[in-house]
Amino acid sequence: MSMLLFMPWCPVQKCYESGDISILPFRRHTPINGLDKAAQSRIDTIMGMYKDIEGKPVHKAALIRFGEKSLIDDLMDNDIDKAQELAVLVCFSGLAGREYFNALGSYCNSDCFSLYVQKFNKADFTALTTRRREGHTLGGWTIDDISITIPVHCHAIQEVSLDADLLMALVSHRAQLRCNEWGRWQNALSCFNQANTDSDNIRYQMEWVLLCSAFEHLLSVQSKAKDVAHKFSQVVVPSNELLTKDSNRLAQRPNGGESIRYAWMKEFYRIRGDFAHGQLNTKQFSAWEPLEHLVLSTIAFPLLIKNLLSRVGKYKLTDKDQAQIDCLEQLADTKDLLKPPSNQAGSLDSHWGRLVRKRCSKISIEHAVDNLRNLRKSAQTEQMNNESSMENQ
C-alpha cells in the first residue's frame, strides 16, 4: 500500500541517514527529487492538513524515505515498524545535541519527532485512526476539513538539527547487537525520549521515573540506588573527580570520599522510588531541587550513551563531549545552578556555559601542547636517524 511517512513538527535543514530510513527536509511548494508534479502536489495537499498555531499549513517539516524506495512507495507493516524504531534513534540524536541555558542555541523536544503515517492516494478524502484503551476508532474526513495543529511547545522551534555522528554510531551499534541486548538499549532510549516531550501534560514525577528507568536499563543493573550510582560513576569518568568532602553542597556528608556524580545519581534514583510508588511529593532529604535533578540527568544520559559507544569503538568523543563530562560534577556542585551567575555578563551567560567553554579552552591548549611535543619528538627522531646514517656512510 502506498504510504507517506513524515514528521510535520520537525523542520530539519538537511538530509540524514538512519539505517534503513532517510530523513529529508520538506519545504512547501518546493520540488522533491524523484517525484513528478502530481505526486508533489499530493504531498503538499497532505502536509497542508498540519497547521501552525496561526492555522497556516506548516512550511517546513521532515519526510521519511524507507531504504531505496520512493517517498510514496508501497510499504509493509514491518517496514513501518522498522521506521518507527529507527525514529527513536533520530529523536535521541536530536535531543542529545541540545544547548541548555541558551535561548538562541539549538533546541528541540521529543514531540518534534512525532512520526505520522498516511495513505498516499489521489482522493481528497482521508481516514484517521485514533487510539482507545481497548482498541481504536476510525473516522473519515475530506482533507479540506482537517486541521491538525502543532503542539504549542513545538511551535517556537524553527530548526531541528541532529548529531549525525551519534546517529551513525547508534545505527551501527544496533546492527551488531543481539536482539535482547539491543532491546535493552531501545528501552533506555525510548524512556529518555518520552521524558523529554516538554509537554505541560506530563508531570515531572513521571519524567523522573522515565529518566531513572533509562539509566537502569542502559546500565543493566538491579533497581537499587547504590548499584545504579556505582555503575554510572564507573562509566562517566571526568579527567579530575570532585569529591563530596570538597563540595559546596555536600561537604557535610558522612562519607566524604564519594564522588559528587555518585552522590547525585544515588539521590536521584533513591527519590524515584517514591514517585514510582504513587507519591507525588517526597519527604526524603534532597541536596538538589527537582528541576535541578531533571536537568542534570538530561545532560548526563547522552554522555553515558556516548561513553558506552566510545568503549566499543563506535563513537569518538569530541572535545565538547569531554568538556561536558569533566564539568558535570562542577555543575552539580553549583548552588542555584539553574539561575544566572550573580555577575552575569549577558542574557546568554550561565554557569553551565561558563564551565564548558572554560574546559573546552583548556582542552584545546592541551592538544596544542601535545602536538608540539610530538613534533619535537619527530624532529629529534629524524635528526638522530640522519646522524646515524651519516656515520654509517
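Read-outs: derived from the displayed coordinates by stated rules, not from any lab. Note that the coordinates shown come from a computational prediction; the quantities given were computed from them, not determined experimentally. Cβ sites come from the backbone with ideal geometry, for glycine too, and all protein chains shown count toward neighbours.
In table form, for the structure just shown:
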item: When each of Lys37/Lys314; Lys56/Lys316; Lys339/Lys362; Lys306/Lys358; Lys320/Lys377 is checked by Cα-Cα distance, pairs over 31 Å; result: Lys37/Lys314; Lys56/Lys316
item: Length-normalised contact order of the range 108-235 in % [C-alpha pairs under 8 Å, at least 6 apart]; result: 21 percent
item: GluC sites (Glu not before Pro) lying in DSSP loop within the range 1-82, provided at most 14 other Cβ fall within 10 Å; result: Glu54, Glu68
item: Degrees between helix 204-219 axis and first principal axis of the chain (Cα, 0 to 90, nearest 10); result: 60 degrees
item: At R0 = 51 Å, FRET efficiency that the Cβ-Cβ distance of Glu289 and Met390 yields, to 0.05; result: 0.15
item: Cys10, Cys360 arranged by Cβ crowding within 10 Å, fewest neighbours leading; result: Cys360, Cys10
item: Sites matching trypsin sites (Lys or Arg not before Pro) across the range 320-393 that sit in DSSP coil, with at most 12 neighbouring C-beta atoms within 10 Å; result: Lys335
item: Cross-link partners of Lys14 among lysines (Cα-Cα below 18 Å; sequence separation of 8 or more within a chain); result: Lys60
item: Cross-link pairs Lys82/Lys226; Lys245/Lys335; Lys266/Lys335 - those with Cα-Cα distance over 25 Å; result: Lys82/Lys226
item: Mean Cα-pair separation over length for the chain, i.e. relative contact order, pairs under 8 Å, 6 or more apart, %; result: 15 percent
item: Mean Cβ neighbour count within 10 Å, used as a protection proxy, ranking 87-96, 264-273, 182-191 highest first; result: 87-96, 264-273, 182-191
item: Likely footprinting exposure, Asp111, Asp274, fewest C-beta neighbours within 10 Å first; result: Asp274, Asp111
item: CD proxy at 222 nm, helix term only [per DSSP H run n ≥ 4: -39500 (n - 2.57); per residue of the chain; nearest 500]; result: -16000 deg cm²/dmol
item: Within the chain, percent of DSSP bridges classed antiparallel, to nearest 5; result: 90 percent
item: FRET efficiency for Lys362 and Gln279, using Cβ-Cβ distance with R0 set to 56 Å, rounded to 0.05; result: 0.85
item: Equivalent ellipsoid, the range 177-370 (semi-axes from 5 times Cα gyration tensor eigenvalues, Å); result: 26, 22, 17
item: Surrounding net charge for Ala323, when Lys and Arg each add one and Asp and Glu each subtract one, Cβ distance under 9 Å; result: +2
item: Angle between the chain longest axis and helix 37-47 axis [Cα atoms, degrees, rounded to 10]; result: 70 degrees
item: Using alpha-carbon coordinates, inclination of helix 351-392 to the longest axis of the chain, degrees; result: 60 degrees
item: 14 Å cut-off, amide nitrogen to a point 7 angstrom out along Tyr204 Cα→Cβ, residues in the range 278-322; result: 280-283, 286-298
item: Prolate/oblate/rounded label for the range 1-150 (Cα gyration tensor, a/c 1.5); result: rounded
item: His136, His153, His173 arranged by Cβ crowding within 10 Å, fewest neighbours leading; result: His136, His153, His173
item: Computed E for Asp246/Asp336 - FRET, C-beta separation, R0 22 angstrom, nearest 0.05; result: 0.70
item: Ordering of 231-237, 137-143 by packing [mean C-beta count within 10 Å, highest first]; result: 231-237, 137-143
